[in-house]
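Novice: After the structure tokens below, expect a handful of questions from me.
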Amino acid sequence: MNPAPKDANRLVEAQKVVCVFGSNDARKGDETYELARSTGAVLAGLGYTVANGGYGGTMEASAAGAKQAGGRTIGVTCSLWRSRPNRHIDQVIVTDSLFARLERLLEVGTAGYVLLPGATGTLVELAAAWETMGKGLLAARPLVCMGQFWRPVIELMVAKRAECGELVAVAASPQELARYFPPTGRVSERFQDDRD
């Protein structure tokens, strides 16, 4: 049973949430799937709730990693698709359009965003987060691209408008995410044991 919209808002506001964007195309065993799984695990280990689009690929992987690390997950889905949320999602927020879904994902990411390799949908998510923060329509928060996949896009945008580079970072590995997302005080014991 999904909470009513007002209840869903209250649940999200009570958590520090990082929204992870990425492709539905990744499959178990793929490098990108494993990157997503590790990303979810590290974020949950730091005490963050992991949010994403709720379906397969990197969404499933980041949610699975978060759950394996003892964390919580949120999936923002769309009623236009018949697909069901993946089994690792704790809380489902259903939207009625692609644009409403994107807006809700941006709102849910109260602590920031992580971008995994993806295609045009992930590019739209990167652009939306970057532009709304750049225009002051969304409070600035970490926007971190994993690996080198998005570096050409970042370099192209920075060449056009240098100051936009201040709003985005690149992390070489999930372990570097702690530089942008400090532990919340709810660091999982599993993560703490791995760091010792």
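Novice: What do you reckon, is ARG82 surrounded by fewer than 24 Cβ atoms within 10 Å (Cβ to Cβ), among the basic types (Lys, Arg) and in contact with a helix residue (DSSP H, G or I) (Cβ under 9 Å, 6 or more places away or on another chain)? Outline the logic, then answer.
Specialist: Numbers: surrounded by fewer than 24 Cβ atoms within 10 Å (Cβ to Cβ): yes; among the basic types (Lys, Arg): yes; in contact with a helix residue (DSSP H, G or I) (Cβ under 9 Å, 6 or more places away or on another chain): no.
No: the conditions fail for ARG82.
Novice: Restricted to segment 49-83, and to residues that are in contact (Cβ under 8 Å) with a residue 60 or more places away in the chain and under 11 Å from the mean Cα position of the chain (by Cα), which residue is farthest from CYS145 (Cα to Cα)?
Specialist: The extreme case among them is ILE74.
Novice: Given the criterion farther than 19 Å from GLU60 by Cβ, modelled with pLDDT of 95 or more and either in a strand (DSSP E or B) or in contact with a helix residue (DSSP H, G or I) (Cβ under 7 Å, 6 or more places away or on another chain) (or both), identify the matching residue among GLN148, GLN175. Lay out the reasoning, then the answer.
Specialist: On the way: GLN148 fails: either in a strand (DSSP E or B) or in contact with a helix residue (DSSP H, G or I) (Cβ under 7 Å, 6 or more places away or on another chain) (or both).
It is GLN175.
Novice: If you don't mind, another one. Within segment 88-138, count every residue that is without any contact (Cβ under 8 Å) to a residue 60 or more places away in the chain, of a type outside the set (Asp, Glu) and farther than 25 Å from GLU34 by Cβ.
Specialist: 18
The values are calculated or read from the model by the stated rules, or taken from the named source; none is laboratory data. Computed from a prediction, not measured in an experiment: that's the story for all the values here. Cβ: placed from backbone, ideal geometry, glycine included. Neighbour counts: every protein chain shown.
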